[in-house]
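Shown next, in structure tokens, is the structure this report addresses.
Each value in this text was obtained by applying a stated rule to the coordinates, not by laboratory testing. The structure displayed is predicted, hence computed values, not measured ones. Note that each Cβ is placed from the backbone with ideal geometry, even for glycine, and that neighbours are counted across all protein chains shown.
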Amino acid sequence: MGGILGIAETAIRPERTMRQDPMSAFRIMVDVASRALSPAVNDPTTAVLALDQIHRLLRYAGQKNLANARVYDSRGTLRLVFPTPDWDDIVDLAVTEVRQYGATSTQVVRRLRAMLEHLVHRLPAARVPALQSELALLEETVARAFPEPEDRRRANKGDLQGLGGSSGRSDS
């Protein structure tokens, strides 16, 4: 097909796909959560649903070998070098904006804490420092956002659903 439709298809086609750029999956989910947390929308439940997907993606990525920035031929000669995100890059993208935009939402900070704590216990030890660093940042964020001790206590309790009560922990 030619004409305007052909031009539109060409203009749209170069967008990144998850297969070409796995970080795009994180970017999409973070964008969903960020938009949900914007003052215009103010929908922390949607942000928590996005965090569910971010959690799944982090659990998957955390079990993979991410050191693949060099490709060698069968004789061991370096043939290709390409930049790839490391674990710290992935965690930073997956967590920072959601933590910042969701800082005042008990539901969001509880879900973030539960995600990070779960990943600390489930992923290899080499992945833990970045997660612990994010937990420390989350604690600082909660301390600033929740001046009342009881609110701060509630916000600092991990919860996979973000809702409180009996939804606290699951081993899935």
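Observations, loosely collected:
- Looking across segment 34-53, the residues that are hydrophobic (A, V, I, L, M, F, W, C) and within 14 Å of the chain's Cα centre (by Cα) come down to 47, 48, 49, 50, 51.
A quick yes/no check of all residues on (1) exposed (fewer than 11 other Cβ atoms within 10 Å of the Cβ); (2) under 14 Å from the mean Cα position of the chain (by Cα); (3) closer than 30 Å to residue 21 by Cα:
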residue	(1), (2), (3)
84	no, no, yes
90	no, yes, yes
95	no, yes, yes
130	no, yes, yes
138	no, yes, yes
150	yes, no, no
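- Any hit, segment 98-112, residues being within 20 Å of residue 36 (Cβ to Cβ), surrounded by 23 or more Cβ atoms within 10 Å (Cβ to Cβ) and basic (Lys, Arg): yes
- Residue within segment 60-73 that is under 12 Å from the mean Cα position of the chain (by Cα) and surrounded by fewer than 14 Cβ atoms within 10 Å (Cβ to Cβ) present: yes
- Any hit, segment 59-82, residues being among the aromatic types (Phe, Trp, Tyr) and in a strand (DSSP E or B): yes
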